[in-house]
Structures are given as C-alpha cells and as structure tokens.
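K.L.:
Handing you this structure, nothing more for now.
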Amino acid sequence: MEDFKNTESGKVPRHVSIIMDGNGRWAQQRGKERVFGHSHGVESVRACVEASVETGVRYLSLFAFSEENWGRPQAEVSTLMGLMFKAIADEVSALKKQGVRFRTLGDFSRLDPALVEAIRSAEAATAPEEGKEPVLDLIVFLSYSGKWDILQAAKKLALDCAGDISRLENVGPDDFAARLVTRDIPDPDLIIRTSGESRLSNYLLWQAAYSEFLFVDTLWPDFGKEEFKSALSEYSKRDRRYGKVK
Ligand code: IPE
Ligand code: IPE
Ligand code: MG
C-alpha cells in the first residue's frame with residue numbers, strides 16, 4: 001500500500017468527507033436487525049480516524065444522521081441516538097490522546113438536550129490548548145441537511161443586511177459561506193459514499209461545488225483503513241481543473 005505521508009503532500013486531500021451508508025443492508029445480509037449494522041459502523045469510524053491521522057488528512061467529516069433520517073421508525077432513531085451517546089462516551093479519551101478535535105454540526109434544536117450536553121462536553125474535552133493546532137478535526141454531521149444549512153445562512157444574511165440593498169449588492173460567495181455552519185472548515189476535497197448509492201442525499205450542497213466524488217460498493221461496516229487508503233490513492237490520480245485549462 002502507498003504511504004501517503006511520504007509522497008507528494010499536495011495530493012493528500014485536506015478534507016475528506018464520508019456519507020456512511022449501508023449499515024442496514026450489512027446487518028440484513030447477516031440475518032440481523034438493522035441496528036446491528038449501526039453498531040458495527042462505529043468501528044469503521046475508528047478506523048477512518050486512525051487512517052486520517054496516519055496519512056495526514058487534516059479534516060475528516062462524517063454524515064451520521066440526516067434531517068430526512070428523522071422520518072425512520074422511532075425505534076431506529078432512538079437506537080441511533082443512543083449509539084451516538086455511547087460512541088461519544090467510549091471514544092473521547094482515545095480521540096484526545098490522538099490530538100483529534102471532535103465537533104458536531106447540524107440542527108441541534110431537534111436533538112435530546114442530554115445528547116447536546118454530551119456533545120458540548122466532548123467538544124470542550126477535545127478542544128486543543130490555546131495556540132495549538134489539532135492533528136485532525138473530526139466533524140460529525142448530525143440532524144444535518146444541505147438545504148437546511150443554506151436556508152439558515154440565507155436567513156442570517158437577510159438579518160445582517162436588514163433590507164439595506166447596497167449592502168446586499170456587495171454580498172459575494174465568501175460572505176454567504178461565512179454564514180454556513182461549516183464557516184471555519186475548508187470545503188471537502190474528497191466526498192466518499194459507501195454502499196453503491198450514487199447520490200448526495202441533501203448533504204453538503206454548497207460546499208461540494210468542487211469536491212471530487214468517490215462512490216464505492218463497500219457497505220459502511222466493511223469500510224476500514226485499507227478502503228480509506230485506497231480512496232486516497234484514487235484521489236491522488238484525479239486532476240482538479242476548477243474550470244480552467246492546463
Ligand atoms: C447508514 O446506513 C446510516 C444512516 C443513514 C443513519 P443505513 O441505515 O442507511 O443503511 P442502508 O442504506 O439501509 O443499508
Ligand atoms: C444518507 O443515507 C444519510 C446518512 C448517511 C447519514 P440514507 O440512507 O439516509 O440516504 P438515502 O435515503 O438512501 O438517500
Ligand atoms: Mg442508507
């Protein structure tokens with residue numbers, strides 16, 4: 001396997017984002033309940049965090065629960081939220097040890113306040129010391145949707161411009177991006193989706209404008225370090241032209 005740390009550093013994506021899909025099918029293939037797949041998915045998260053640290057990826061973001069996922073059966077939603085609780089409790093110290101900063105983004109107004117509290121304390125516990133850079137930012141998108149993010153940014157912008165047409169005329173893409181919840185995170189260089197689905201499912205709509213996409217058939221619980229590193233290998237072969245000619 002290629003060692004990305006020692007190859008051309010510009011080819012290592014700064015921000016890798018993953019749409020973690022296929023847990024239910026993974027469980028069903030084994031004759032188990034869907035939740036069995038969700039709990040195994042946590043191991044893939046651990047593997048991808050470690051692989052990111054090993055390869056020098058600076059931001060790893062994960063789509064864990066979409067706005068649309070609230071429409072799943074109540075029992076599955078509660079199990080997923082419970083798993084989130086457990087994963088935070090179990091993983092925080094390992095993340096801290098590796099120098100990983102944990103962050104969560106999404107519409108928290110829909111989450112159980114106790115979960116929000118657990119998220120906030122994990123974020124505080126993994127925040128780097130003053131003046132220090134984390135090795136990796138691990139960003140979990142929870143109760144998130146791209147349209148929700150764009151709408152909340154548009155509302156902020158409307159309030160900030162307060163009907164002042166001259167201010168509105170000067171608004172550019174950077175001013176808009178500064179109001180998205182991802183304002184301090186670079187746009188993803190590489191977006192991976194597992195489980196063979198080739199769609200964005202209302203994920204980072206604005207931020208994905210120039211991302212490279214990789215759709216793999218592997219189901220999320222089977223996606224480990226090797227799969228992560230071969231995704232980076234695939235990315236290193238891409239030619240990003242941004243509309244220009246070379
Ligand atoms: C991804 O796996 C986890 C979430 C969306 C929360 P799924 O639960 O969507 O698994 P499949 O796609 O039904 O196999
Ligand atoms: C997308 O997966 C959302 C997450 C991975 C969190 P879904 O399984 O919910 O997406 P669809 O329904 O197949 O588009
Ligand atoms: Mg799915």
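What follows draws every value from the coordinates through simple rules; no lab data is involved. Since the structure is predicted, the reported quantities are computational estimates derived from the model, not experimental observations. Positions of Cβ are backbone-derived with ideal geometry, glycine not excepted, and every protein chain shown enters the neighbour counts.
K.L.:
Calculate, for Glu197 and Leu168, the FRET efficiency according to 1/(1 + (r/R0)^6) with r their C-beta to C-beta distance and R0 35 Å; round to the nearest 0.05.
P.N.:
Computed FRET efficiency for Glu197 and Leu168: 0.40.
K.L.:
Right, something else. Kirkwood hydrodynamic radius (Cα pairs, Å) of region 136-246?
P.N.:
16.4
K.L.:
Continuing with the same structure: Please get the size of the charge dipole for the chain, origin at its Cα centre, with Cβ charges of +1 on Lys and Arg and -1 on Asp and Glu, quoted in debye to the nearest 20.
P.N.:
In total the dipole reaches around 260 debye.
K.L.:
Same structure again: So for the pair Phe176, Ala209, with labels modelled 7 Å out along Cα→Cβ, what separation do we get in nm?
P.N.:
Simple spin-label model gives 0.7 nm for this pair.
K.L.:
Enumerate the calculated ³J(HN,Hα) couplings along region 148-154 in order (Karplus 6.51 cos²θ - 1.76 cosθ + 1.60, θ = phi - 60°), each rounded to whole Hz, writing x wherever the residue is Gly or Pro.
P.N.:
So the J values, rounded to whole Hz, are 4, 4, 5, 5, 5, 5, 5.
K.L.:
Could you tell me which of His38, Thr55, Gln28 has its Cα farthest along the dipole of region 20-59 towards the positive end, charges placed at Cβ (Lys, Arg +1; Asp, Glu -1), taken about the Cα centre?
P.N.:
Value computed over the given set: Gln28.
K.L.:
Using Cα-Cα distances under 8 Å and only pairs 6 or more residues apart, what relative contact order does the chain have, in percent?
P.N.:
Reported as a whole number, the value is 29 percent.
K.L.:
Now, a different point. Ignoring everything except DSSP H segments at least 4 long, calculate the 222 nm mean residue ellipticity for the chain; use -39,500 (n - 2.57) per segment, divide by total residues, nearest 500.
P.N.:
-13500 deg cm²/dmol
K.L.:
I would also like to ask the following. Before anything else, pin down the relative contact order of region 94-229: Cα pairs under 8 Å, at least 6 apart, normalised by residue count, whole percent.
P.N.:
Relative contact order for region 94-229 comes out at 22 percent.
K.L.:
Taking Lys246 as the anchor, which lysines have their alpha carbon closer than 22 Å to its alpha carbon, excluding any fewer than eight residues away along the same chain?
P.N.:
Lys11, Lys237
K.L.:
What aspartates and glutamates sit close enough to Lys229 to cross-link, taking a C-alpha to C-alpha distance under 13 Å and skipping anything fewer than 8 places away on the same chain?
P.N.:
Glu2, Asp3, Glu50, Glu54
K.L.:
Taking square-rooted eigenvalues a ≥ b ≥ c of the alpha carbon gyration tensor, is the chain rounded, prolate or oblate, where a/c under 1.5 means rounded and, failing that, a/b exceeding b/c means prolate?
P.N.:
It comes out rounded by the Cα gyration axes.
K.L.:
Taking 0.36 nm per intervening residue step and subtracting the Cα-Cα distance, what contour gain separates Phe108 from Gln74 on full extension?
P.N.:
10.5 nm
K.L.:
Which value, in Å to one decimal place, does the Kirkwood hydrodynamic radius take for region 181-238 when every pair of different Cα atoms is included?
P.N.:
Roughly 12.4 Å, rounded to one decimal.
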